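Following: one structure in structure tokens, then a few remarks.
The values are calculated or read from the model by the stated rules, or taken from the named source; none is laboratory data. Note that the structure is a prediction, hence the values are computed from the model and not measured. In this analysis, Cβ positions are derived from the backbone assuming ideal geometry, glycine residues included, and neighbour counts consider all displayed protein chains.
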Amino acid sequence: MTPYELRSRFVAIHRDVYVPRGTEITAVVRARAAWLWSRRRGIVAGRSASALHGANWIDNRAPAEILYENRHAPAAIRAWSDRVLDDEVTVANGTRVTTPARTAFDLACRYPVDEAATMIDALARATRLKVADVELLAQRYKGRRGIRNACLALDLVDSGAESPRETWLRLLLIRAGFPRPATQIPVHDTYGQLVAILDMGWQDIKVAVDYEGDQHRTDRRRFNKDIRRAEAVAELGWIDVRVTAEDTEGSIIWRVLAAWDRRT
């Protein structure tokens, strides 16, 4: 390839790292580009590792994250050096990357509790991550900076969350004093047929809380299906508190508390 062809058909992400013009710069693309920038010597970590492991809800605009000893990384790369053992590294899409357990551990240590729990929820859903494996790493690195926050975040992880807003809603309920809700609760009719899967709730008292995203309102078929679903769930004795982005935290807590009072 001639220098002209390189300039005309490709765009540089980092020095000596190019992508074809028109390529969507996703979190996965940023992760691989950062690894190539390190001359394949680094280990993709943090949010970038989550993206390579298939986790959703990773911000495509955020800098790539990589374990690599270089204090002069470009602005689009966040590099740091840290101890990492062989059993904490794997290969994903041909790229060296931290294992799901080590990825979750780094996220838990480096980010605020709620943000870390949200990202680890997505990672756990994509990889079937076991929190117990992450806790073993916490024992291995007892003195690491951020370990206290990591323990708090790991205690809140639940792979049943299907979106960041569901994680946010679950954490809101826990901090409001409600018992920790179960997630992805199947509801069957008297014939054993699956009627619905509720986002979260308490099966013993049949109170559920569902987060309704915009697709529930804008998709007409989904909207009509939701109406029939709500009727079926109510007929089976469930109180389903449906939450949208318009609801305030106070109103959500009040409505869930009212449902609890009706049942207890």
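Per-residue answers, yes or no, for (1) among the aromatic types (Phe, Trp, Tyr); (2) touching a helix residue (DSSP H, G or I) at 6+ places or on another chain (Cβ under 7 Å); (3) without any contact (Cβ under 8 Å) to a residue 24 or more places away in the chain:
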{"site": "Asp86", "(1), (2), (3)": "no, no, yes"}
{"site": "Thr95", "(1), (2), (3)": "no, yes, no"}
{"site": "Thr99", "(1), (2), (3)": "no, yes, yes"}
{"site": "Met119", "(1), (2), (3)": "no, yes, no"}
{"site": "Leu123", "(1), (2), (3)": "no, yes, no"}
{"site": "Asp133", "(1), (2), (3)": "no, yes, no"}
{"site": "Ala138", "(1), (2), (3)": "no, yes, no"}
{"site": "Pro164", "(1), (2), (3)": "no, yes, no"}
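Checking Leu137 against (1) part of a helix (DSSP H, G or I); (2) within 18 Å of the chain's Cα centre (by Cα); (3) buried (at least 18 other Cβ atoms within 10 Å of the Cβ), which single condition isn't satisfied? Here Leu137 meets the rest and fails (2).
Candidates are the residues of region 55-76 that are surrounded by fewer than 16 Cβ atoms within 10 Å (Cβ to Cβ) and not polar (S, T, N, Q); the one that is nearest to Thr90 (Cα to Cα) is Glu69.
Conditions (1) among the charged types (D, E, K, R); (2) under 24 Å from Ala122 (Cα atoms); (3) assigned to a loop (DSSP other than H, G, I, E, B); (4) at pLDDT 95 or above, marked per residue:
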{"residue": "Val157", "(1), (2), (3), (4)": "no, yes, yes, yes"}
{"residue": "Arg170", "(1), (2), (3), (4)": "yes, yes, no, yes"}
{"residue": "Gly192", "(1), (2), (3), (4)": "no, no, yes, no"}
{"residue": "Val195", "(1), (2), (3), (4)": "no, no, no, no"}
{"residue": "Gly213", "(1), (2), (3), (4)": "no, yes, yes, no"}
{"residue": "Asn224", "(1), (2), (3), (4)": "no, no, no, no"}
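Can you find, within region 177-215, the residue that is surrounded by the fewest Cβ atoms within 10 Å (Cβ to Cβ) among those that are of a type in the set (D, E, K, R) and more than 22 Å from the chain's Cα centre (by Cα)? Residue satisfying both the conditions and the ranking: Asp204.
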